[in-house]
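Here the structure is laid out as structure tokens; the discussion comes afterwards.
The values are calculated or read from the model by the stated rules, or taken from the named source; none is laboratory data. Predicted model, so just to flag it, every value in this text is computed and none were measured. When we count neighbours, we look across all protein chains shown, and the Cβ atoms used for this are built from the backbone with ideal geometry, even at glycine. For the accessible areas, the whole protein counts, side chains as well, though only heavy atoms, and no ligand, DNA or RNA atoms are used. Shrake-Rupley method; radii C 1.70, N 1.55, O 1.52, S 1.80 Å.
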Amino acid sequence: MISSVHEFDRYADVRAALADPHLVPPPAESGPVGGMAWLRATVARFSSGDTHARRRALVEADLARLDPLVLRKAIALDPDDDARRASVRALADALAVPEPDAVVEAITIVAGAYFGDAHDTAADQAVAKLLTLMLPTDSGDDSALEAAANRIGLLVQACDATGNLIDHARRAAGGCPAGHDIETLLVETLRHDPPVRATRRMAIRDTRVAGVDIAEGELIILAVAAANRDPEVFTAPDTFELERSGPPSLTFGSPPRVCPGRDHAMAIAAGALSRDPDAPIADDRTSTGSPS
Ligand code: HEM
């Protein structure tokens, strides 16, 4: 039972909360294998402790097989104008999943329900379909199920966040002078108009952040979008300004749960933007660099 909700919106406070080991993502309640509740309860994103470490290692192993430069080139050649679908397709193809079109379709459905609690029959059916495709036919043991869930989780995490980054950067590009590079545009878009605006934590033990006592079981909202415009950290924070100095935005999170797909997201977004005929963007180096 959650008794109180705290909200942090200053850069230093959000960072401190992200670093606090007593604050974890609110755990997800499981359900039947192959459904949405099961997926949420089996992925790294909503896990903590040793279970989180084991699941995150599965994700990192999958990501290590994916060369960001290959993703960047693949999406640059994809004629699909839908940034979500194209982002997931680049990853699904690189992971060599069976029936990539069906996977893309199902992932976009699951992504719409992933951060909500409401029961969603279409999302349940999409998870069931994805599990059939991702699970090797001869293995249904717990570790195979966990690996399949975390591969689905990787694609779901990438879907809306990367798609929104591409859409927001396309919007921002219209107001920018010609000749800037894609990296710079993406980094400032991540700060000024982040595709992920907030994240949640729950206290698993009494703790204290920024002078605020937080009791076990209490919920915390971390307002990343507001923290990215903290005037104590960013000058003229509401202005979209290429070539800013200062610390990185908090849009990809912060250790220990910093987004493991950061370089892949940057590469996919850069590739998508590079094919826009009207964008006043000079295609830059082949770097996939992170926003720091
Ligand atoms: C612009 C695009 C993206 C943004 C802004 C983003 C942001 C984030 C953030 C903030 C978290 C941590 C959430 C928290 O601590 O509460 C996270 C986790 C995660 N992201 Fe991303 N992400 C993006 C793209 C991707 C991509 C492309 C992938 C995979 C290819 C990915 C995979 C993951 C996974 C698996 C997690 C869970 C990690 C864990 O809990 O240990 N993300 N992402």
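Counting the residues of the stretch 254-279 that are within 11 Å of the ligand (Cβ to nearest atom) and either surrounded by fewer than 17 Cβ atoms within 10 Å (Cβ to Cβ) or part of a loop (DSSP other than H, G, I, E, B) (or both) gives 8.
When the stretch 65-76 is filtered for residues that are away from the ligand (no atom under 12 Å from the Cβ) and either open to solvent by 60 Å² or more (accessible area, probe 1.4 Å) or among the polar types (S, T, N, Q) (or both), the ones remaining, listed by number, are Asp67, Val70, Lys73. The residues listed here are Phe240, Phe252, Phe234; of these, the one that is at pLDDT 95 or above and within 18 Å of the chain's Cα centre (by Cα) is Phe252. The listed residues are Thr207, Thr199, Thr251, Thr235, and the only one of them that is touching a strand residue (DSSP E or B) at 6+ places or on another chain (Cβ under 6 Å) and either within 15 Å of the ligand (Cβ to nearest atom) or farther than 26 Å from His52 by Cα (or both) turns out to be Thr199.
Tell me, yes or no, whether the stretch 46-64 has at least one residue that is open to solvent by 30 Å² or more (accessible area, probe 1.4 Å), within 11 Å of the ligand (Cβ to nearest atom), among the acidic types (Asp, Glu) and modelled with pLDDT of 95 or more. Looking through the stretch 46-64, at least one residue is open to solvent by 30 Å² or more (accessible area, probe 1.4 Å), within 11 Å of the ligand (Cβ to nearest atom), among the acidic types (Asp, Glu) and modelled with pLDDT of 95 or more. Taken over the stretch 106-121, the criterion of being open to solvent by 50 Å² or more (accessible area, probe 1.4 Å) and more than 11 Å from Cys159 (Cα to Cα) is satisfied by Phe115, Asp117, Ala118, His119, Asp120, Thr121. Against the test of being hydrophobic (A, V, I, L, M, F, W, C) and under 17 Å from the mean Cα position of the chain (by Cα), the options Ala102, Ala83 yield a single qualifying residue, Ala83.
The criterion of being touching a residue at least 60 places away in the same chain (Cβ under 8 Å), closer than 30 Å to Ala106 by Cα and hydroxyl-bearing (Ser, Thr, Tyr) does not hold for Thr51. The lone criterion from (1) β-branched (Val, Ile, Thr); (2) surrounded by fewer than 21 Cβ atoms within 10 Å (Cβ to Cβ); (3) in contact with a helix residue (DSSP H, G or I) (Cβ under 9 Å, 6 or more places away or on another chain) left unmet by Thr42 is number (2).
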